[in-house]
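Read the figures in this text as sums done on the coordinates, not as results from a lab. Being a predicted model, the structure only gives us computed values, none of them experimental. All Cβ positions, glycine included, derive from the backbone under ideal geometry; neighbour counts span all protein chains shown.
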Amino acid sequence: MTTEVEAGRRGSSWTNESWRILQEYIGHEEFKKRRKESVKKSDGFAEQVPRPVEKKKVKSSFKALVPVQPRALLKQPGKVALQTKLQKLKLAAVAGTTTAARRSFHGPGIGTTGFAVVVDNVKFPENDFFRPRTVFPVRLRHSNCWSADDAAADVRGVAIKFGDTDGHSCFELVMDTGTMAPFWDLPSYEEYVSAMKGGPEKLKEWCWKAPMNYYILVDGLRRAPDSYFQLVYSSQTCFTFAAKDNVPRYVKFRIIPTNKDPESGLLNLEEQRQAWNTARLPDEERPQNYLRLEYVERLMKSSVMYRLQLQLHTKKASDTASTCNPYRCWAPADHPWYDVADVIITTLLTDNVTAQTSFNIANLPPCLGLIEPESMYDYNSINYVRAKVYSAAHGARLAKYVIFDFIG
């Protein structure tokens, strides 16, 4: 379900005009050519992986994410390159975190606590974790991905952990605005990061290079939204889902506001024409931290309630690896959203506690799992690297924070 579809469901006439805009600039034929090339590139890994042979009885077809043994790597050049890339990204994240003494991405933010209650009428397959009426303490953090200015056009994020603790908990999710990730593997992730950090011209070049890049950027950016609350956040990447019926499935998550108001901050037509110009508008007068101030005020008045939902894909013999491509979304007609839990936020965390709180998608209950990637071009390499890098970066940030706190 794209942001445009979700906007329509909430009564908004908002449309993603990026492809029409791009065709105005480069022409219809050039647009088709670039779209065909970008689709071929992003689907490249799926075409290389053979489809599995259909079997009558399938107990499990998922690989557990386990440490890769050095000796085994010698026979798997794709995994050698993946581990090399992982180490480079880990070192870069640690260096950036240590220098700034804050998170590498999603730096400015606000932390809260509350609880999650699994819904009474669970409509997805029975499992050992999401049991009806089960109550979990939670911590939740809202943030901007790239900019310290709340009024900028930026990807907004939410991170949630099922546990009121600084460190590991039984279930942690990191989600962003936008239904699709602006990358599908590690090389495309690095291209995206370079474009976002390179300024308007670099980002414009990235958008024009592939029509889907432009579409996903418009789909995910929110310019000066009214509140962190009035946004829809998606996991974009998928996990394995193990239910008691032993049918292999994939799962994606999202968290939405419980009211029916339209999503805030969607780019209007003129803003879409200049989506790469993400700085605040000249006539914007609100302070840089207005979103954080608004959320504090909102929470002082009453608790804030979200709805956590999931989307399932039952694994089939006809599936290709593209099922796990985060650069794509699952059609809602075939993959409806099921309510998982009400998330009720009641209390603001202090900045010190928020800074020490980690969120790592490697922390999952037994019914969920990460998929071991075959190479840096594997769609599942994104989650794999996130799981490794988040932990290393948090350790470096926490060490720096402790030193600053000790000196102070």
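How big is the dipole moment of region 316-374 about its Cα centre under a simple scheme where the beta carbon of each Lys and Arg is +1, that of each Asp and Glu is -1, and everything else is neutral? Debye, nearest 20, please.
Computed charge dipole of region 316-374: roughly 60 debye.
Compactness ratio of region 113-212: Cα Rg over 2.2 N^0.38 Å, N = residue count?
Compared with the compact-globule rule of thumb, region 113-212 sits at 1.43.
Run through all the Cα pairs of region 181-267 and give the fraction in each 5 Å bin from 0, expressed as whole percent.
Using 5 Å bins, I get a P(r) of 3, 12, 16, 18, 16, 16, 11, 6, 3, 1, 0 for region 181-267.
Report Rg(Cα)/(2.2 N^0.38 Å) for region 229-373, keeping two decimals.
1.30
Which ³J(HN,Hα) values in Hz, rounded to whole numbers, follow from the phi angles of region 296-303 under the Karplus curve 6.51 cos²θ - 1.76 cosθ + 1.60, where θ = phi - 60° and Gly and Pro get x?
With coefficients 6.51, -1.76 and 1.60, one gets 4, 5, 4, 6, 5, 7, 6, 5 Hz.
Per-residue HN-Hα couplings for region 367-377, Karplus 6.51 cos²θ - 1.76 cosθ + 1.60 at θ = phi - 60°, whole Hz, x for Gly and Pro?
7, 10, x, 8, 9, 5, x, 8, 6, 5, 8
Place a point 7 Å from Cα of ARG298 in the direction of its Cβ. Which residues in region 260-279 have their backbone N less than 16 Å from it?
Those under the cut-off are 260-266.
Each residue of region 148-165 in turn: what ³J(HN,Hα) in whole Hz from Karplus with 6.51, -1.76, 1.60 and θ = phi - 60°, glycine and Pro shown as x?
The phi angles translate into 7, 9, 5, 8, 6, 7, 8, 6, 9, x, 9, 10, 9, 10, 8, x, 8, 8 Hz.
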